[in-house]
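Before any comments, here is the structure.
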Amino acid sequence: MLNNYMKIIISLSFYLIFSATIAGAADVRVSAAASMTEAVRVLIAHFNQQQPEVSVYANFAGSGSLAKQIHQGAPVDIYISANRRWLDYLLEQGRLAPQSLSLLARNQLIFVGRENSGVKEIADLPRLSLVGMGTPRNVPAGHYAAQAMEAVGIYTEMTRDHKLVMAKDVRQALLYADRGEVDGAFVYRTDGRLARNSVLLFTVDEGLHDPITYPMALTVSGAQKDGAKAFFTFLQSKEALALLIEFNFLPPGEAHLD
């Protein structure tokens, strides 16, 4: 009697472990740049209508922070960055599947602030007291902003005069502007639609900084999962592109990953 009871317990244990393994195998974990938060959530919802058996979980933050998490072993299947730099970092660390590299979309850098600020172009920024931007070292939007200010010769001046307020990601920079904690902030074109108290003051000339692209790739572990590969394929579909355009993203166009 006891032996039969033990057999049942052991069989049940194996069943629970097997079931948990199968369920976990269907889970897909995406780490995406903060500027893609709303768009990726909508993309996940549309994908789940087609494949409800696959559970997709997303984590949003600055591209650099996400890359460091992946490098440290965070369980991630798909990485979407706001620039190539952090993708290359993970490639060098052997964390990504090289054959999966592709471009999801493009974006533009804009400057938002109070309507009566008197700022009409990037050269006007020294007139302001405080300017919000993502930390250039970790946040691509901040890197692009620094490049643009360097190109017009004001970055050193703005830094010297302590006029730059660093944010952990582009959404925090937008929040600083909306709250009036800074006179204006560098954000993406896609973030402009989320501004509550700020308005578009100018669009940064694309010739002043590197192209703003969203490269993505499967991680080495993600490349082994059917669910991750299915969602990755969906991200490259015409349906996904149409949804991204609704959020003011631009098509990949002629941009490439050379």
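The values are calculated or read from the model by the stated rules, or taken from the named source; none is laboratory data. Bear in mind the structure is a predicted one, so any value in this text is a computation, not a measurement. Positions of Cβ are backbone-derived with ideal geometry, glycine not excepted, and every protein chain shown enters the neighbour counts. Keep in mind that these areas ignore ligands, DNA and RNA; they rest on the heavy atoms of the full protein, side chains included. Shrake-Rupley method; radii C 1.70, N 1.55, O 1.52, S 1.80 Å.
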Put one equal scatterer on each alpha carbon of the stretch 46-114, apply the Debye formula with no solvent term, and list log10 I(q)/I(0) at q = 0.13, 0.22, 0.26 1/Å to two decimals. -0.49, -1.05, -1.23
Which residues make up the longest stretch of the chain clear of trypsin sites (Lys or Arg not before Pro) that lie in a DSSP loop with no more than 12 other Cβ atoms within 10 Å, not counting the sites? 1-119
Nearest-0.05 FRET efficiency for Asn116 and Gln224 at R0 = 45 Å, using Cβ-Cβ distance, is 0.20
Sequence gap at least 6, Cα distance under 8 Å: using those rules, report the relative contact order of the chain to the nearest whole percent. 28 percent
Would you work out which of Ala230, Ile154, Ser198 lies farthest towards the positive end of the dipole of the stretch 147-231? Charges go on Cβ: Lys and Arg +1, Asp and Glu -1. Ala230
Between Pro75, Pro52, Pro126, where does the largest GNM mean-square fluctuation fall for the chain, given springs only between Cα atoms within less than 10 Å? Pro52
Based on the Cα coordinates of the stretch 122-226, what is the per residue volume of their convex hull in Å³? 123 Å³
Grab the beta carbon distance between Ala45 and Leu241, set R0 = 22 Å, and tell me the FRET efficiency rounded to 0.05. 0.85
Given the rule -39500 (n - 2.57) for each run of at least 4 DSSP H residues, summed and divided by the residues of the chain, what is its mean residue ellipticity at 222 nm, to the nearest 500 deg cm²/dmol? -12000 deg cm²/dmol
Using the Kyte-Doolittle scale, which helices in the chain average at least -1.0 and also have C-alpha atoms spread 24 Å or more along the helix axis, with helices defined as whole DSSP H runs? 2-25
Most mobile of Gly192, Gly118, Gly207 per a Gaussian network model of the chain (Cα springs, under 10 Å)? Gly207
Run the simple label-point estimate for Asp124 and His71 please: 7 Å along Cα→C-beta, distance reported in nm. 3.9 nm
Here, the stretch 210-254 modelled as identical Cα point scatterers in vacuum has Debye log10 I(q)/I(0) at q = 0.14, 0.24 Å⁻¹ of -0.41, -0.92
For the pair Asp27 and Thr156, what calculated FRET efficiency results from E = 1/(1 + (r/R0)^6), where r is the Cβ-Cβ distance and R0 = 51 Å, to the nearest 0.05? 0.60
For a quick check, take a GNM of the chain with Cα springs below 10 Å and name the residue from Asn48, Asn138, Asn248 with the largest mean-square fluctuation. Asn48
How do His162, His209, His46 stack up against each other in accessible area, from largest to smallest, with a 1.4 angstrom probe? His162, His46, His209
Please report Rg (one decimal) and Dmax (integer) in Å for the Cα set of the stretch 61-155. 16.5, 49
Under the √(5λ) rule applied to the eigenvalues of the Cα gyration tensor, what semi-axes describe the equivalent ellipsoid of the chain? Give them in Å, descending. 42, 18, 17
For Lys163, list the aspartates and glutamates whose Cα falls under 16 Å from its own Cα; do not include residues on the same chain fewer than 8 positions away. Asp124, Glu150, Glu181, Asp183
Roughly how much of Glu53 is accessible, in Å² to the nearest 10, using a 1.4 Å probe? 110 Å²
Rounded to the nearest 5, the percent of antiparallel DSSP beta bridges in the chain equals 55 percent
Straight-line reach check, Lys68, cutoff 25 Å on alpha carbons, 8 or more apart in-chain or any other chain, hits among lysines -> Lys168, Lys225, Lys229
Relative contact order for the stretch 154-258, counting Cα pairs under 8 Å that sit 6 or more residues apart, in percent: 18 percent
